[in-house]
Amino acid sequence: MSAQDSHTYDAIVVGSGISGGWAAKELTEAGLRTLVLERGRNVEHVKDYPTANLDPWELPYGNRATERDREEYYVQHQLYLFGQDSKHFLVKDTEHPYNAVKDFRWYRGYQVGGRSLLWARHCFRWSDLDFEANAREGVGIDWPIRYKDLEPWYDRVEEFIGVSGENAGLPQLPDGRLLPPFEMNCLETHLRERIAARYPDRRLIASRVAVLSRPHNGRGQCQSRNLCHRGCPYGAYFSSNSSTLPAAAATGRLTLRPFSIVHSLIEDPETGRAKGVRVIDAQTHQATEYFARVIFLNASALNTTAILLHSTSRRYPNGFANFSGVLGHYLMDHHAAIGATGSWDGALDRYYAGRRSTSVYIPRFRNVTSRHPDFTRGYAYEVYTWRAGWQDRLGDPGLGAALKASLTRPGPWMVFMEGYGECLPRAENRVTLNYEKKDRWGLPTLDIDMAFGANEFAMRKDMEATAVEMLEAAGLQSIQGFAHEPHPGEVIHEMGTARMGHDPKTSVVNRFNQCHDAPNVFITDGACMTSSACQNPSLTYMALTARACAYAVEQLKRGEI
């Protein structure tokens, strides 16, 4: 066997996160010998969750970032879940730099499983309100697919990963194949009743989340510890490590190679297709080449685009499969950090068991049946409730037995309502390669240039005012709106830069996520997105991936790729 033969597979998947894990599962189960390349270290389910079962007092520095952490993780430490219990799942920015032309916060986890170990797990379907928005408004380009194209793939993904939650019968948020929802507490049912009574177009529902409310597919149900970001030893939330990668491994057709940084695609000069990938070993810096008939790029939106931009040739001087010139453009992220808080003096004789890791949710209601005069598209709210505990009274005055006794009694009910809004696609929001600033492997770093626009800021005014209005209608107390400066990237829903479309002149991939210019290369992570909707996008990435894999396998059988 030649060296090339030993490095040849039926399929190569770049990335092992949410979409890469799905590509690995679908391709191996279809009979393809598949190589998965992950630039970071290996992480095995359960074995490599070192903080999963530690008590708070066992974590150093009170689980806070140290001064050294702030220097080494100068972007990552700003993430809401950064701590001594989770930082091993996040990159050191000093080792993986990028260049924020404008303030962009790029949160990254380079390990097997990627950010599937850290995600917030919300799983909402898109509707044709979302898929048709660009065409309806003349913004960006039209999606080449509609809800009916993805509906069976949404079914497939939900049934495999296990999504608990509530179907609401809303056309703008299609119902799914769901496990039973987690029980609402008394404040949430109070909000639900008051909002429904006052606003017929608004619903508060149990969120749809990839957290198991009962055992499913060999994984255990949630134990209500709310320590998901440490890695769940029960497998109660979906990750590549607990779900799709083990399924792929069970076929006997998976080869997983960590510490493998993809340098570029290898072009077949006769066809313009990709015949393999060049890889740099992250530890030894040794270069290796791997070959396959089909390649799936799932390195996360910006890294996938960086690989394509770096894969230049005489045929593709501006990046692989970039005849359109749009590669790197139309970067999007949701905008948040806005809403309202309040307290409730009711049901002081009520409490709840455990620390549920899920929220409740108010689906989009703006610009659904009527047009708001100030902005287009819409937003939704994630709503979190709890009873104040002793931590909330650390600064209160007191002394001795009376103080200690007061700390054993729960405080008032609290609510935090945060809006998540859609971001319009704009060509000026883009990423490019910086060849003057290279990383430790000699690769160019990314310049990220993104800002929110007038439509997002007009929407934000309504997001805060409406949150305050609903809490007031529910009869809560101490209501305060909040509106922090939004930082692109901080919602961790970066998408776009290799968008899907009908026309090869204005898009990178077609309706099956297949590169127009190189049909054996598929892009099914966030890079392919043509608009952002306001729903969390991960479920849609997974559905697109499953659909594209089925199409790729059929094309291989026909000899088309």
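Data overview
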| item | result |
| --- | --- |
| Subset of segment 7-46 that is of a type in the set (Val, Ile, Thr) and touching a helix residue (DSSP H, G or I) at 6+ places or on another chain (Cβ under 8 Å) - its residue that is farthest from ASN298 (Cα to Cα) | VAL43 |
| Scan of segment 422-463 for residues that are open to solvent by 60 Å² or more (accessible area, probe 1.4 Å) and of a type outside the set (Phe, Trp, Tyr), ordered by number | GLU428, ARG430, GLU436, LYS437, LYS438, ARG440, ALA454, LYS461 |
| Flag if SER224 is under 30 Å from SER359 (Cβ atoms), open to solvent by 30 Å² or more (accessible area, probe 1.4 Å) and touching a Lys or Arg at 6+ places or on another chain (Cβ under 7 Å) | yes |
| Where a residue in segment 52-64 is farther than 23 Å from TYR234 by Cα and its partner, wherever it lies, is of a type in the set (D, E, K, R) and not in a loop (DSSP other than H, G, I, E, B), with Cβ under 9 Å and at least six apart | TYR61/ASP69 |
| Residue match in segment 181-194 (condition: under 21 Å from the mean Cα position of the chain (by Cα) and part of a helix (DSSP H, G or I)) | no |
| Close pairs (9 angstrom Cβ cut-off, 6 or more residues apart or separate chains): farther than 16 Å from ASP333 by Cβ and aliphatic (A, V, I, L, M) in segment 427-454, part of a helix (DSSP H, G or I) and open to solvent by less than 40 Å² (accessible area, probe 1.4 Å) anywhere | LEU433/ALA306; LEU433/LEU309; LEU433/HIS310; LEU443/ALA306; LEU443/HIS310 |
| Which listed residue is in contact (Cβ under 8 Å) with a residue 40 or more places away in the chain, open to solvent by less than 30 Å² (accessible area, probe 1.4 Å), among the acidic types (Asp, Glu) and in contact with a helix residue (DSSP H, G or I) (Cβ under 8 Å, 6 or more places away or on another chain), from GLU490, GLU494 | GLU494 |
| Test: residue in segment 517-538 that is open to solvent by 10 Å² or more (accessible area, probe 1.4 Å), of a type outside the set (Val, Ile, Thr) and over 13 Å from the mean Cα position of the chain (by Cα) | yes |
| Pair list, Cβ under 6 Å, 6 or more apart: segment 319-334 residue touching a residue at least 40 places away in the same chain (Cβ under 8 Å) and within 15 Å of PHE104 (Cβ to Cβ), other residue of a type in the set (Val, Ile, Thr) and open to solvent by less than 10 Å² (accessible area, probe 1.4 Å) | GLY328/THR305; GLY328/VAL431; GLY328/THR497; LEU331/THR497 |
| Residues of segment 346-398 classified as within 30 Å of the chain's Cα centre (by Cα), farther than 30 Å from GLY62 by Cβ and open to solvent by 40 Å² or more (accessible area, probe 1.4 Å), total | 6 |
| Selection from segment 181-204 of residues that are more than 18 Å from TYR352 (Cα to Cα) and either of a type outside the set (Asp, Glu) or surrounded by 15 or more Cβ atoms within 10 Å (Cβ to Cβ) (or both) | ARG194, ILE195, ALA196, ALA197, ARG198, TYR199, PRO200, ARG202, ARG203, LEU204 |
| 1 or more residues open to solvent by 60 Å² or more (accessible area, probe 1.4 Å) and at pLDDT 95 or above: qualifying helices (runs of 4 or more DSSP H) within segment 1-112 | 18-29, 67-72 |
| Some residue of segment 397-414 being within 30 Å of ASP333 (Cα to Cα) and part of a loop (DSSP other than H, G, I, E, B) | no |
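Residues checked against (1) among the small types (Gly, Ala, Ser); (2) under 30 Å from THR189 (Cβ atoms); (3) open to solvent by 10 Å² or more (accessible area, probe 1.4 Å):
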{"site": "ARG253", "(1), (2), (3)": "no, no, yes"}
{"site": "PRO258", "(1), (2), (3)": "no, no, yes"}
{"site": "HIS263", "(1), (2), (3)": "no, no, yes"}
{"site": "ARG278", "(1), (2), (3)": "no, no, yes"}
{"site": "ALA287", "(1), (2), (3)": "yes, no, yes"}
{"site": "THR305", "(1), (2), (3)": "no, no, no"}
{"site": "ARG315", "(1), (2), (3)": "no, no, yes"}
{"site": "ALA337", "(1), (2), (3)": "yes, yes, yes"}
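Here's the yes/no breakdown for (1) under 22 Å from GLY319 (Cα atoms); (2) at pLDDT below 95; (3) of a type outside the set (A, V, I, L, M, F, W, C); (4) touching a helix residue (DSSP H, G or I) at 6+ places or on another chain (Cβ under 9 Å):
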site	(1), (2), (3), (4)
ASP517	yes, no, yes, no
ASP525	yes, no, yes, yes
SER538	no, no, yes, yes
MET542	no, no, no, yes
ALA552	no, no, no, yes
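The values are calculated or read from the model by the stated rules, or taken from the named source; none is laboratory data. A quick note: this is a predicted structure, and the numbers were derived from the prediction, not measured. Cβ: placed from backbone, ideal geometry, glycine included. Neighbour counts: every protein chain shown. Keep in mind that these areas ignore ligands, DNA and RNA; they rest on the heavy atoms of the full protein, side chains included. Shrake-Rupley method; radii C 1.70, N 1.55, O 1.52, S 1.80 Å.
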